[in-house]
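The values are calculated or read from the model by the stated rules, or taken from the named source; none is laboratory data. Nothing here was measured: the structure is a model prediction, and the numbers come from that model. Methodologically, a virtual Cβ is constructed for each residue, glycine included, from the backbone with ideal geometry; neighbour enumeration extends over all protein chains shown.
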Amino acid sequence: MEIKAMKKLLQNTDTRRIEFNNRFDKSLHYYFNKNDITNRNGGESKVNEHGKDEPLRSADNRVSSNYHQLLVDQEAGYVATIPPSVDVEDDSLNDKIKNTLGDNFNLRMNQLVVDAANAGVSWVHYWIDDNGQFRYGIVPPDQVTPIYSNDLDKKLLAVRRTYTQLNPDDGKYYKIHEYWTDKDCTVFKSLSPDYSDLTKLLDRFMTYDVATGMEIGTGNVLNHEFGRIPFIPFPKNKYERPDLLKYKGLIDVYDNVYNGFVNDVDDVQQVILVLTNYGGESLDEFKRALNEDKAIKIDSVGTGDKSGVDTLTIDIPVEARNSLLDITKSDIFVHGQGIDPSDFETNNATGVAIKMLYSHLELKASVTESYFRDGVNQLVRAIMNWLKVPDADGRTITQTWTRTAIQNDVEQAQVVSQVANVTSDEAIAKGNPLVTDWQQELQDRQDNIVKGDGYSNGQSLEDIDGNEDE
């Protein structure tokens, strides 16, 4: 792509990119506990008993509640603590895919869920390194601006990736603009917000002679052989809306009521004395008499006068505020589809009770999983294409997602025991509460059977004992 065309593309996508990034930044502020209540303090939760210049209302405490981070991390832990297992109906190929995904696949899935919750969509970029190894990484959502087709397929036509990079030669921060298609990547840089100084980043990629494979210089174009754009979206929902939009107003209400409550508690400690017909000469004399003599002198003008000392104090509507805080907190978890940790008071809860507790979170997690499945499939197919699997784009991929939740292990074990004789070994291994890797459990059981130390699902201990006696 030439400079003139790239400049036009950057200008045409800026409005959408800025709107998306502003929304993402707001989610990050709430994720890092920098709610709007702390804007006056530069995002810092701060206790300030004398923040306002008012006699009765001097307290200006601004402490934010971190409910957004709690709700986002709840779902990420529930969905992605155990990464989805992938089966392409070939054990050898399964192992190669698992090794390529790496040991930290679960951490990357967790970060994808967090990014998607904050931005509405998260992104994975993959490439082949200098050693010929398949690599992939998570791209911050505010760097990616996708360009889709307008048809019903909504095909990804191109990706604009913009980020800031320090140039060590002149000490300036440049905006780097990458333009990715299904064939190549072109890189530009700029300093001016209107891209008037947009130039090609000519030292970005090494160029090679096609015939000899020798290095012949550097350039700003990288020709890749993926046959598709090496960026994979992981949308949070159909409309790619961040979770914060569902309950931001409720969090703001909670913060306002809570901090107003704290301000009143601080302010109520300040008592203002109103003196009528005080007989002393100065306030200093009044303070001395009050501290030492525990009495003050008042001038009376006769029957019916109002001489004396009155107090100005603040009344706190405790019950009303407690009720409003409880209602708002409950609504935050309902709208955020999460679990309130302080509301779980049952002991030895049954499986049904636990499922009811997780019902809203499961609903949200199921939607996230359904949209993430397509992204995982694309990543696995990219790996299979790199491995030169002939039917990589058509091969069936089975994903198994495991939730991380509180469960009644005794009850679960009883259920497994009761259905053992009419259920497959695979289902039993998956349902066993003591098993973390059901595939390894099946292999261990098979090895034990071969050695004569174990028994299959269709054979009881009595049968084995009988056979040994014979």
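General observations
- Within this structure, GLY280 passes the test of being surrounded by fewer than 17 Cβ atoms within 10 Å (Cβ to Cβ), at pLDDT below 80 and touching a helix residue (DSSP H, G or I) at 6+ places or on another chain (Cβ under 7 Å).
- Applying the set (1) within 23 Å of VAL435 (Cβ to Cβ); (2) touching a strand residue (DSSP E or B) at 6+ places or on another chain (Cβ under 8 Å); (3) surrounded by fewer than 20 Cβ atoms within 10 Å (Cβ to Cβ) to ASP91 leaves exactly one unmet item: (2).
- Region 415-461 - residue that is in contact with a Lys or Arg (Cβ under 7 Å, 6 or more places away or on another chain) and over 20 Å from TRP401 (Cβ atoms) and, of those, modelled with the highest pLDDT: ASP425
- Listed by first and then second residue, the pairs linking a residue in region 317-334 that is within 17 Å of LEU70 (Cα to Cα) to a residue that is at pLDDT below 95, with Cβ atoms under 6 Å apart and 6 or more places separating them unless they lie on different chains, are PHE333/ASP340.
- For region 119-143, taking the residues that are of a type in the set (A, V, I, L, M) and at pLDDT 95 or above, the one that is nearest to the chain's Cα centre (by Cα) is identified as ALA119.
- Selected residue (criterion: modelled with the lowest pLDDT) from residues of region 383-414 that are among the β-branched types (Val, Ile, Thr) and within 30 Å of PHE231 (Cα to Cα): THR404
- ASP197 being in a loop (DSSP other than H, G, I, E, B) and either over 32 Å from the mean Cα position of the chain (by Cα) or free of Cβ contacts under 8 Å to residues at least 12 places away in the same chain (or both): yes
- Applying the condition of being at pLDDT 95 or above and closer than 23 Å to GLN11 by Cα to region 200-232 and asking which residue is surrounded by the most Cβ atoms within 10 Å (Cβ to Cβ) yields ILE229.
- Residue selection: ARG228 fails the criterion of being within 15 Å of the chain's Cα centre (by Cα) and under 29 Å from GLY137 (Cβ atoms).
- Breaking point among (1) modelled with pLDDT of 95 or more; (2) loosely packed, with under 13 Cβ neighbours inside 10 Å; (3) more than 20 Å from ASP115 (Cα to Cα), for LEU10: (2)
- Just so you know, in region 135-194 the residues that are basic (Lys, Arg) and without any contact (Cβ under 8 Å) to a residue 12 or more places away in the chain include one that is farthest from PRO230 (Cα to Cα), and it is LYS154.
- For region 113-157, the candidate set comprises residues that are polar (S, T, N, Q) and assigned to a loop (DSSP other than H, G, I, E, B); within that set, the residue that is farthest from LEU245 (Cα to Cα) is ASN131.
- Filter result for MET1 (under 22 Å from VAL121 (Cα atoms), in contact (Cβ under 8 Å) with a residue 12 or more places away in the chain and hydrophobic (A, V, I, L, M, F, W, C)): no
- When each of ALA295, ALA353, ALA320, ALA365 is tested for being in a helix (DSSP H, G or I), modelled with pLDDT under 65 and aliphatic (A, V, I, L, M), the lone residue that passes is ALA353.
- Residue tally, condition of a type outside the set (A, V, I, L, M, F, W, C), out of contact with any Phe, Trp or Tyr (no Cβ under 9 Å at 6 or more places or on another chain) and surrounded by fewer than 18 Cβ atoms within 10 Å (Cβ to Cβ), over region 134-162: 5
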